[in-house]
């Protein structure tokens, strides 16, 4: 569905991605693991069109999307929930959800009801400002908002960052459910164990390069991965 | 006397508010101060002179022409002075400020060239019509100005809070990258913001022409500085702040006249702003900068 081929992305003169290739098959959950500064977020931003790779190509459903802007990619079915969530804090929860459906035409009522059913807390808080929500609630809102665009491919950048363990568990459960309903997911995580448990495939990034890839099951057992990312 | 000055103050204040709204919209979305806004406003006023005085055509047409011309000026401002500097590496964050100053000098000189340096009168068919209520005289032109200004403010507030495009503009004002990730074409949104802000300046120009019956190429600078002071008072980027700030400045300028200190009119108005800012440095409706909170 998505294939990233040898992309190189720069911040000014600093090369953040040296050579990254990733395949995301339709219907799967693929996770990208790696330490801080490995290039995980840069990869996600390059796919979502926020950053433009200098070299390499990205194709989505057999179409070259390498130099497209984020808004065009949303229309094609790629939504990114960025690191830090990017909640519109001066707008209400409901307005945030409406903004998620910005590209869509026609009624969004049914989908609003659906996400509010999945995230009851958002229904409860719908007229509250986004900035007044707790971290976990904001993450729910960010995911719900991305779902309002009806994406084919959902990019999640560190959805568990800074959240309490119980909420982290919820978030992973939700990601799994979203995937089971037919949305392909590319997930960047620091929480490697949880990510590998729900993922089909995994890539390990180090200083802008893919150093290892394989099925999630294999990587869970891999001794070097265990040592570096799973903590024992 | 007090009542009359109150009406004068509301008229003047509502014009200030509209000028300030133009500043605040652009600042909200782009984070820059558009120093050419005052001159775009002045062009709106001159369109009024050309239509109502030179061509002797009706005032309603003056509004249409002023809106069209100032919207077009806004479009050129975005395409020629702002967009080329956006997102480029090594461009100072002050560069757009300087380039808008350049545009303001250019527009002022253009106005000198086309319209001459002197004062130009402004014809409105109803400028002499007034109503006498007790000892208070109310001019029809004041009511028209106030009505248009209120309509514009209510309309803008409604548009921002209820429509899809208005919400997208607020999203852009809060976080351009987040808005683009939600599917908003930010390039288009920025252009629309500058065009709408400029057209509001144009409308304000005509209203000032109607109120004071005189238009000069230099009027942009004075009004521009006042607009700037108002958004600092109201809170940078705040729509409510621009409206409230405009009315406060307009009312304090005219109320000072009541107490016989008309010579200090501008000084006292700005002293009032300084005092308010000492108490609330972020402005009336502004939020403290995140850096300050940390």
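The values are calculated or read from the model by the stated rules, or taken from the named source; none is laboratory data. Since this is a predicted model, take the numbers as computed values, not measurements. Note that each Cβ is placed from the backbone with ideal geometry, even for glycine, and that neighbours are counted across all protein chains shown.
Within segment A:216-232, the residues that satisfy the criterion of being at pLDDT 85 or above and in contact with a strand residue (DSSP E or B) (Cβ under 6 Å, 6 or more places away or on another chain) are A:216, A:219. Is it the case that some residue within segment B:206-219 is out of contact with any strand residue (DSSP E or B) (no Cβ under 6 Å at 6 or more places or on another chain), within 14 Å of another protein chain (Cβ to nearest Cβ) and within 19 Å of residue B:22 (Cβ to Cβ)? The answer is no; no qualifying residue exists.
Inspect segment B:180-187 for any residue being touching a helix residue (DSSP H, G or I) at 6+ places or on another chain (Cβ under 7 Å), more than 10 Å from every other protein chain (Cβ to nearest Cβ) and part of a helix (DSSP H, G or I) and give the result as yes or no. No, that holds for no residue.
When you look at residue A:97, is it surrounded by 17 or more Cβ atoms within 10 Å (Cβ to Cβ) and facing chain B (nearest Cβ under 10 Å), yes or no? Show your work before the answer.
Numbers: surrounded by 17 or more Cβ atoms within 10 Å (Cβ to Cβ): yes; facing chain B (nearest Cβ under 10 Å): no.
Criteria not met by residue A:97.
Exactly one residue out of B:49, B:69, B:29 is buried (at least 19 other Cβ atoms within 10 Å of the Cβ), within 28 Å of residue B:101 (Cβ to Cβ) and more than 18 Å from the chain's Cα centre (by Cα): that is B:49. The residue list A:136, A:130, A:162 contains one member that is more than 24 Å from residue A:1 (Cα to Cα) and surrounded by fewer than 16 Cβ atoms within 10 Å (Cβ to Cβ), which is A:162.
Of A:154, A:88, all but one fail to be within 14 Å of chain B (Cβ to nearest Cβ), buried (at least 23 other Cβ atoms within 10 Å of the Cβ) and within 17 Å of the chain's Cα centre (by Cα); the exception is A:154.
For beta carbons closer than 6 Å, sequence separation of 6+ or different chains, a first residue in segment A:24-49 that is within 14 Å of chain B (Cβ to nearest Cβ) and a second that is in a loop (DSSP other than H, G, I, E, B), the qualifying pairs are A:41/A:83; A:45/A:51; A:46/A:53; A:49/A:68; A:49/A:69.
Within 21 Å of the chain's Cα centre (by Cα), over 24 Å from residue B:46 (Cβ atoms), within 10 Å of chain A (Cβ to nearest Cβ) and assigned to a helix (DSSP H, G or I): does that describe residue B:240?
Details: within 21 Å of the chain's Cα centre (by Cα): yes; over 24 Å from residue B:46 (Cβ atoms): yes; within 10 Å of chain A (Cβ to nearest Cβ): no; assigned to a helix (DSSP H, G or I): yes.
So residue B:240 fails the test.
Of all residues in segment A:50-79, exactly one satisfies the criterion of being buried (at least 21 other Cβ atoms within 10 Å of the Cβ), within 22 Å of residue A:15 (Cα to Cα) and at the interface with another protein chain (Cβ under 10 Å from one of its Cβ atoms), namely A:70. Among the candidates A:149, A:202, the residue that is surrounded by 15 or more Cβ atoms within 10 Å (Cβ to Cβ) and closer than 13 Å to residue A:30 by Cα is uniquely A:202. Which one of B:208, B:195 is crowded, with 22+ Cβ neighbours inside 10 Å, within 16 Å of the chain's Cα centre (by Cα) and part of a helix (DSSP H, G or I)? Being crowded, with 22+ Cβ neighbours inside 10 Å, within 16 Å of the chain's Cα centre (by Cα) and part of a helix (DSSP H, G or I) holds for just one of B:208, B:195, which is B:208.
Within this structure, residue A:161 passes the test of being more than 12 Å from chain B (Cβ to nearest Cβ), out of contact with any strand residue (DSSP E or B) (no Cβ under 6 Å at 6 or more places or on another chain) and in contact (Cβ under 8 Å) with a residue 40 or more places away in the chain.
Here's the yes/no breakdown for (1) in contact (Cβ under 8 Å) with a residue 40 or more places away in the chain; (2) within 11 Å of another protein chain (Cβ to nearest Cβ); (3) over 21 Å from the mean Cα position of the chain (by Cα); (4) not in a helix (DSSP H, G or I):
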residue	(1), (2), (3), (4)
B:126	no, no, yes, yes
B:131	no, no, yes, yes
B:137	yes, no, yes, yes
B:145	yes, no, no, no
B:148	yes, no, no, no
B:154	no, no, no, no
B:158	no, no, no, no
B:161	no, yes, no, no
B:177	no, yes, yes, no
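Listed by first and then second residue, the pairs with beta-carbon distance under 8 Å, at least 6 apart or on different chains, first residue in segment B:86-99 and under 18 Å from residue A:51 (Cβ atoms), second assigned to a loop (DSSP other than H, G, I, E, B) and at pLDDT below 90, are B:89/A:12. Screening the candidates B:72, B:82, B:21 for the property of being part of a helix (DSSP H, G or I) and without any contact (Cβ under 8 Å) to a residue 12 or more places away in the chain yields one hit, B:72. Of all the residues in segment B:22-52, those that are in contact with a strand residue (DSSP E or B) (Cβ under 6 Å, 6 or more places away or on another chain) and modelled with pLDDT under 90 number 0.
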